[in-house]
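*Asks:* Have a look at the structure that comes next, please.
Derivation of every value follows stated rules applied to the coordinates shown; laboratory data play no part. These numbers come from a predicted model, not from an experiment. Methodologically, a virtual Cβ is constructed for each residue, glycine included, from the backbone with ideal geometry; neighbour enumeration extends over all protein chains shown.
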């Protein structure tokens, strides 16, 4: 009888994860190689010791895998999924290791462990880190294994698969497969319906249903909630690229040019979007930028809080008021400016057992596994099927799950790596510049004139 093991290591200590660059995102990039250094070279199975060349007492191959849960409930869910997959598959035994950002960013921990031969066989990374891990030779190209198993990647949303099949030599998607997406998410506004009603503001859900949920209506609700006084604020968002990026997207702008080879932060559309964020914070309608907006929303003093589906389990557990979600307001560009967030399961380039690791990746992204994750409420299945969507819509609260699906249908900007540049470098420079503008320590005119030169170092010459 197989003994299922869940590895107890230092990485298992759990804390709420700050989102991609310091908020609670479960999808975006946050780690980078320390400035002035390069990532250590990965060893090969023949040259160094790996942690994957292990067998159980029953003689089965041990496969270790890791993802980064947001909370204890999610960690327990993944542990249970690991047990179920283990019990259904002969020939290998699974050890699940929840990861955190304690000590150093999650991704940097993985880079170090791969170099030291101690990394898991299979692990999850944010979509923004796919290029980094591929370019440094840390993950396997799974295309040959997928061809042997006749695996169909078209079942997944095309936006993540664009990057997961990207051929760096061709500069376009090709005959590559760097991993499979675990799940996806969009942004929504988490609403305190009680506070909004007390303020005498219109219900954002009703406005959205009537096609009247735009920036002007959003600012009106934020203003009325703030006018309640005390600690009440109309809006909150964390200081993370996706939050201010949504304002830019909604105005028709964005971070990059069309082929993602250069900065576009200084276009008139991007500047107009940033100005909208500046106006909200400058009018004192929001929790100060740089402060975590989730605790005051959970405490009942914030009317609207931008976050992804991953915030739902915490809202279910801690929000002691009438709450729901609504899609982002429509901006002058004619869209919500939403994002399609994703992360992927990938295989350690040094694994001693690539076939078994690939089998696990398939199991972790199966319709059955994704349905279980949807029930927890953490994210949306990455398989684009009516059955997956129907299952997702049925897991309440929130009642208005359709808001997340509407975000998927409104031309969201896909989170992704910079194949022609360095995302962490760009992210750091951009975040410093944007934060200064929103906090009023830098004029938007100075930002417009200099931001693309300040981020130019992120791109390959």
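*Asks:* Would you give the gap between the C-alpha center of region 381-443 and the C-alpha center of region 313-327, rounded to a whole Å?
*Replies:* Result: 19 Å between the Cα centres.
*Asks:* With no solvent and one equal point scatterer placed on each C-alpha of the chain, evaluate the Debye formula and give log10 I(q)/I(0) for q = 0.07, 0.12, 0.13 Å⁻¹, two decimals.
*Replies:* Ignoring solvent entirely, the Cα scatterers give -0.35, -1.02, -1.19.
*Asks:* What's the angle, to the nearest 10 degrees (0 to 90), between helix 444-454's Cα axis and the longest principal axis of the chain?
*Replies:* Approximately 20 degrees, to the nearest 10.
*Asks:* Got a sec? How would 162, 447 order by Cβ neighbour count within 10 Å, fewest to most?
*Replies:* 162, 447
*Asks:* Also, I was wondering about something else. Where does each of 178, 124 land when they are ranked from fewest to most other beta-carbon atoms within 10 angstrom?
*Replies:* Least crowded to most crowded, the residues run 178, 124.
*Asks:* Can you tell me the orientation of helix 268-282 relative to the chain, as the angle in degrees between its alpha-carbon axis and the longest Cα principal axis, to the nearest 10?
*Replies:* So the inclination is approximately 70 degrees.
*Asks:* Measure nothing fancy, just the Cα-based angle from helix 106-116's long axis to the longest principal axis of the chain, in degrees from 0 to 90, nearest 10.
*Replies:* So the inclination is approximately 20 degrees.
*Asks:* Which number do you get for Rg(Cα) / (2.2 N^0.38 Å) in region 320-461?
*Replies:* In units of the globular-protein estimate, region 320-461 measures up at 1.39.
*Asks:* Taking neighbour Cβ counts within 10 Å as the exposure measure, how do 316, 66 sort from fewest upward?
*Replies:* Ordered by Cβ neighbours within 10 Å, fewest first: 316, 66.
*Asks:* Calculate how many DSSP beta bridges within the chain are antiparallel, expressed in % of all such bridges and rounded to the nearest 5.
*Replies:* Counting only bridges with both partners in the chain, antiparallel ones make up about 60 percent.
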